[in-house]
Amino acid sequence: MITEHEFEQMQRGFVGGGAIIAPVMSVGALIAVVLGETWAVWPLIALAACAVLFVTIWIRRRRRRALSTRSAR
């Protein structure tokens, strides 16, 4: 059984990893599209959407954490 703290750490790691992996894979798919690989168009759209989602979640968490730190003072 995991604690609530461990669960929060896993969530942070997932979002942080996703914020790095999704843009890297998007660039790879974009390169494939530029090279003429038409199959890469659909994964590129999905990966770009995931990248935006992960970055948005990451920014919101950082802002929320900063606000909670300020209010604790």
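Details
- The condition of being modelled with pLDDT under 80 and in contact with a Pro (Cβ under 8 Å, 6 or more places away or on another chain) holds for only one of Ala51, Ala22, that being Ala51.
- Looking across segment 54-71, the residues that are of a type outside the set (Ser, Thr, Tyr), free of Cβ contacts under 8 Å to residues at least 24 places away in the same chain and either closer than 20 Å to Glu8 by Cα or surrounded by 10 or more Cβ atoms within 10 Å (Cβ to Cβ) (or both) come down to Ile59, Arg60, Arg62, Arg63, Arg64, Arg65, Ala66, Leu67.
- The set of residues from segment 54-68 being of a type in the set (A, V, I, L, M, F, W, C) and in contact with a helix residue (DSSP H, G or I) (Cβ under 8 Å, 6 or more places away or on another chain) comprises Phe54, Val55, Ile57, Trp58.
- Whether a residue is free of Cβ contacts under 8 Å to residues at least 60 places away in the same chain and either hydroxyl-bearing (Ser, Thr, Tyr) or not in a helix (DSSP H, G or I) (or both) was assessed, and Gly36 passes this test.
The values are calculated or read from the model by the stated rules, or taken from the named source; none is laboratory data. Note that the structure is predicted; figures quoted are calculated from it, not measured. Note that each Cβ is placed from the backbone with ideal geometry, even for glycine, and that neighbours are counted across all protein chains shown.
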